[in-house]
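Student: One structure coming up, written as structure tokens, with questions to follow.
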Amino acid sequence: TDTADTYDNILLERHARVGVITLNRPKALNALNFATMRDVVDAATRLDDDPAIGAIVITGSERAFAAGADIKEMSTMSYMDMYLKDWFAGWDRLAGVRTPVIAAVSGHALGGGCELALICDFILASDTATFGQPEIRLGVIPGMGGSQRLTRAIGKAKAMEMILTGRTIGAVEAERAGLVARIVPAADLLADALATATDIAAKSAPIAMLAKEVVNAAYESMLSGGIHLERRLFHSVFATDDQSEGMAAFIEKRPAVFTNR
Ligand code: CO8
């Protein structure tokens with residue numbers, strides 16, 4: 001950990017090829033104020049630029065991944081304040097990170113917290129995790145992508161019910177709905193997330209980036225365009241050394257040694 005890794009609202013650690021960003025505003029249940037957004041985005045983009053890092057984990061505390069955007073910071077803001085600061089637009093840079101990003105969620109993932117988890121590539125949930133979009137109770141709507149990403153993740157009926165009622169769902173319902181990849185006992189969450197991230201980080205970095213890009217295309221484009229992109233990106237992996245090595249290693253019954261080329 002060097003001094004540039006010091007932030008006010010998060011902790012940043014490197015475990016071999018995995019970067020771990022821990023939201024760290026315990027008194028506010030990790031509410032995502034503007035400064036926290038800047039810290040997370042800065043840390044994630046720096047990890048993304050670092051060839052020694054092959055996967056990123058974003059997590060919170062056992063009690064709260066994040067209880068939303070910071071209501072206290074926003075409560076007196078006007079339309080013009082929001083518009084001129086382009087509130088929440090900074091999160092687009094997290095969505096643009098090419099390195100795989102796992103959300104390890106325990107406790108509350110509400111409002112912006114649920115939306116932050118949805119910006120990540122997939123969610124590992126502890127059995128204590130709860131997800132919700134309670135904005136409507138505050139007289140607002142989701143503002144960090146939730147209306148779009150939640151709807152794509154779990155479908156219209158369930159997203160509509162959650163967003164219109166503000167009802168919170170538990171880990172089991174979230175997994176059944178396809179919001180989370182897997183449920184892990186709370187005590188094992190971080191270790192499991194680290195092991196999963198380490199597994200991804202051991203793969204060829206450029207191939208993982210291509211895989212992420214093309215899965216995200218399923219989120220962002222129509223089927224025909226996505227299938228076309230997949231085919232072109234699939235063709236392009238045959239320009240890499242890692243494709244030759246990975247397939248040769250399989251045929252020679254030995255572990256692959258990827259060079260990220
Ligand atoms: N913002 C600011 N502070 C918060 C937030 C938050 N989202 N959530 C919790 N806190 C603070 C509390 O105010 C409290 O502070 P204090 O000790 O100073 O009173 C502290 O964290 C601890 O919280 P509680 O005492 O409430 O803890 P409980 O265990 O009793 O309750 C809950 C936990 C259920 C999570 C409760 O805190 C809660 O309901 N929080 C708000 C959840 C919520 O509504 N989130 C959505 C926020 S809006 C959003 O994310 C997107 C906004 C989009 C707006 C679009 C604008 C462009």
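Student: For the stretch 47-202, how big is Rg over Rh, using alpha carbon atoms and the Kirkwood form of Rh?
Tutor: Reported Rg/Rh (Cα atoms, Kirkwood Rh): 0.98.
Student: How tilted is helix 223-236 with respect to the longest principal axis of the chain? Cα atoms for both, answer in degrees (0 to 90, nearest 10).
Tutor: 40 degrees
Student: Hey, what angle do you get for helix 189-201 against the long axis of the chain, alpha-carbon based, 0 to 90 degrees rounded to 10?
Tutor: That helix lies at roughly 40 degrees to the long axis.
Student: Based on DSSP, what percent of beta bridges with both residues in the stretch 1-151 are antiparallel, to the nearest 5? Spell out each step's value before the answer.
Tutor: Values: 6 of 25 bridges.
So the antiparallel bridges in the stretch 1-151 amount to around 25 percent.
Student: While we're looking at this one, here's another question. With the radius of gyration and the Kirkwood radius both derived from the Cα set of the stretch 222-261, what is their ratio Rg to Rh?
Tutor: Using Cα coordinates only, the ratio equals 1.16.
Student: Can you tell me the relative contact order of the chain? Whole percent, Cα pairs under 8 Å, sequence separation 6 or more.
Tutor: About 16 percent, as a whole number.
Student: For the stretch 49-83 and the stretch 113-143, write down the distance between their C-alpha centroids in whole Å.
Tutor: Each part's Cα centre sits 11 Å from the other's.
Student: Report D for the stretch 1-119 in µm² per second (integer): Stokes-Einstein, Kirkwood Rh on Cα pairs, 37 °C, 0.692 mPa s.
Tutor: Details: Rh = 14.5 Å.
Estimated diffusion coefficient is 227 µm²/s.
Student: Using a basic spin-label model with each label point 7 Å from the Cα along Cα→Cβ, how many nm lie between A52 and S78?
Tutor: Using points 7 Å along Cα→Cβ, the separation is 4.8 nm.
Student: Just for the chain, what percent of DSSP beta bridges are antiparallel, to the closest 5?
Tutor: 25 percent
Student: Now a separate question. Could you tell me the extents of the chain's C-alpha atoms along the three principal axes, largest first, rounded to whole Å?
Tutor: 62, 46, 40
Student: Over the alpha carbons of the stretch 147-224, what is the largest minus smallest coordinate on each principal axis, giving the biggest first in Å?
Tutor: Ordered largest first, the stretch 147-224 gives principal extents of 42, 42, 15 Å.
Student: Excluding same-chain pairs closer than 8 in sequence, count the lysine pairs in the chain whose Cα atoms lie under 28 Å apart.
Tutor: 8
Student: Please grab the % of Cα pairs in the stretch 119-176 that end up more than 20 Å from each other.
Tutor: Values: 322 of 1653 pairs.
Tail of the P(r) past 20 Å holds 19 percent of the pairs.
Student: Then there is this: Where does the chain land at 222 nm, in deg cm²/dmol rounded to the nearest 500, when only DSSP H runs of n ≥ 4 count, each adding -39500 (n - 2.57), divided by all residues?
Tutor: Result for the chain: -13500 deg cm²/dmol, rounded to the nearest 500.
Student: Would you work out which of I21, H108, S204 lies farthest towards the positive end of the dipole of the chain? Charges go on Cβ: Lys and Arg +1, Asp and Glu -1.
Tutor: Result: H108, furthest along the dipole toward the positive end.
Student: Considering only protein heavy atoms, what per residue accessible area in square angstrom results for the stretch 17-90 with a 1.4 angstrom probe?
Tutor: Details: 3560 Å² over 74 residues.
Averaged over the residues of the stretch 17-90, the accessible area is 48 Å².
The values are calculated or read from the model by the stated rules, or taken from the named source; none is laboratory data. Computed from a predicted model, the values in this text were never measured in an experiment. A quick note on method: Cβ atoms are made from the backbone with ideal geometry, for glycine too, and the neighbour counts reach across all protein chains shown. Protein only, heavy atoms only, side chains kept; ligands, DNA and RNA dropped before computing areas. Shrake-Rupley method; radii C 1.70, N 1.55, O 1.52, S 1.80 Å.
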